[in-house]
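The values are calculated or read from the model by the stated rules, or taken from the named source; none is laboratory data. What you are looking at is a predicted structure, and each value in this text was computed from that prediction instead of being measured. Every residue, glycine among them, receives a Cβ derived from its backbone with ideal geometry; neighbour counts consider all protein chains shown.
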Ligand SMILES: C[S@@+](CC[C@H](N)C(=O)[O-])C[C@H]1O[C@@H](n2cnc3c(N)ncnc32)[C@H](O)[C@@H]1O
């Protein structure tokens, strides 16, 4: 069984490779970036080999793995699996953005590429649920390119699906991608929600995120100057304010708000001042889930300071990730 490699690999949203490398340079200066493709960066471990159970706490990564490099043929993949001692397979594309974001021709090519590797590889691997501690081979495919192969030690803190995807069943009639964003974040950070918990949601229109909170068993106070989709607004668990957060009077808010969610494009500074102003109505808040804009490299660079600012809301733990349905934003979770 081989549990380390001189190389590591991480996947990210295509276009965010620079942001990921900047984070790694700050958090893990021993990892030096090397070969990269859109949405995938490899690193040489210069201090000690990269362990299959390592996953640096980077915001922009979708997954981390010890790297075996490209494998041109199925036999090369089998040889790598045998060397490592892995009988488990995660086979997926390196870019896990929602399929609807891809052009139809690329989608078809990706489907064919995956189907071909699936046929060739799957019979040689064990199927069924993967146990904690098992070594899993990550085979990351892309049309017309040899798969890049890595491996990781499986566990609750690691990616749970091939390529770092997060499968979300989206109910019919959901009005926006906000549903996926909130559902992926709830899956990733597992806040301790109780049935009927009240969520103050800033920037709720048209209501995808609201639907996700409702599906999670919560009730929602939705704040947005734009209207909620009629079906969402009609839900008995939703109370909406047609207002900007800055115009909201804390006395208007119902008692017992447990969570604050924000997808209003607000900066950390603006959000913290808005929430401080609403303080009297937020005494029972247990945590918050915030979509923070990171439109460019400069915003990505300011992220650590923004996270510190959000931590001033009183969280004992703050974590941030760019998840598959995030685009120009990352999701930040804080729990008191
Ligand atoms: C990305 S959309 C929200 C999507 C929504 N969460 C969903 O899941 O469908 C951003 C929303 O933030 C709202 N917004 C912007 N500034 C705001 C503010 N200061 N207070 C409340 N809402 C705001 C906008 O009107 C817009 O509807």
**Q.** Cβ-Cβ under 8 Å pairs, at least 6 apart or on other chains, the range 112-134 side without any contact (Cβ under 8 Å) to a residue 40 or more places away in the chain, far side surrounded by 10 or more Cβ atoms within 10 Å (Cβ to Cβ) and part of a loop (DSSP other than H, G, I, E, B)
**A.** 112/143; 113/143; 126/87; 131/154; 132/154; 132/155; 133/154; 133/155
Q) Within the range 264-273, is even one residue modelled with pLDDT of 95 or more, more than 12 Å from the ligand (Cβ to nearest atom), buried (at least 19 other Cβ atoms within 10 Å of the Cβ) and not in a loop (DSSP other than H, G, I, E, B)? A) yes
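Rundown of residues vs (1) surrounded by fewer than 20 Cβ atoms within 10 Å (Cβ to Cβ); (2) at pLDDT below 95, yes/no style:
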position	(1), (2)
38	yes, yes
41	no, no
52	no, no
66	no, no
72	yes, no
77	no, no
80	yes, no
86	no, no
89	no, no
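Each row is one residue, and each column tells you yes or no for (1) at pLDDT 95 or above; (2) within 19 Å of the chain's Cα centre (by Cα); (3) surrounded by fewer than 23 Cβ atoms within 10 Å (Cβ to Cβ).
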{"residue": "132", "(1), (2), (3)": "yes, no, yes"}
{"residue": "139", "(1), (2), (3)": "yes, no, no"}
{"residue": "161", "(1), (2), (3)": "yes, yes, yes"}
{"residue": "177", "(1), (2), (3)": "no, yes, yes"}
{"residue": "180", "(1), (2), (3)": "yes, yes, yes"}
{"residue": "194", "(1), (2), (3)": "yes, no, yes"}
Q) Quick one: residue 106 ticks every box in (1) assigned to a loop (DSSP other than H, G, I, E, B); (2) at pLDDT below 95 bar one, so which box is it? A) (1)
Q.
Quick check on the range 250-258. Is at least one of its residues under 26 Å from the mean Cα position of the chain (by Cα) and either closer than 21 Å to residue 321 by Cβ or in contact (Cβ under 8 Å) with a residue 60 or more places away in the chain (or both)?
A. yes
Q | Only one of 238, 245, 232 that is more than 26 Å from residue 168 (Cα to Cα) and buried (at least 19 other Cβ atoms within 10 Å of the Cβ) | A | 245
Q: Taking only the range 184-238 into account, find how many residues are in a helix (DSSP H, G or I) and within 11 Å of the ligand (Cβ to nearest atom).
A: 7
Q. Is it the case that residue 85 is in contact with a strand residue (DSSP E or B) (Cβ under 8 Å, 6 or more places away or on another chain) and without any contact (Cβ under 8 Å) to a residue 24 or more places away in the chain?
A. no
Q) When residue 120 is evaluated against the numbered criteria (1) at pLDDT 95 or above; (2) within 17 Å of the chain's Cα centre (by Cα); (3) assigned by TED's automatic domain parsing to the domain that holds residue 40, which criterion, by number, is the only one it fails? A) (2)
**Q.** Whichever residue in the range 279-288 is outside any helix (DSSP H, G or I) and free of Cβ contacts under 8 Å to residues at least 40 places away in the same chain and, among such residues, is nearest to the chain's Cα centre (by Cα)
**A.** 284
**Q.** Residue selected from the range 311-321 under the condition on the phi < 0 side of the Ramachandran plot and at pLDDT below 95, by the criterion surrounded by the most Cβ atoms within 10 Å (Cβ to Cβ)
**A.** 313
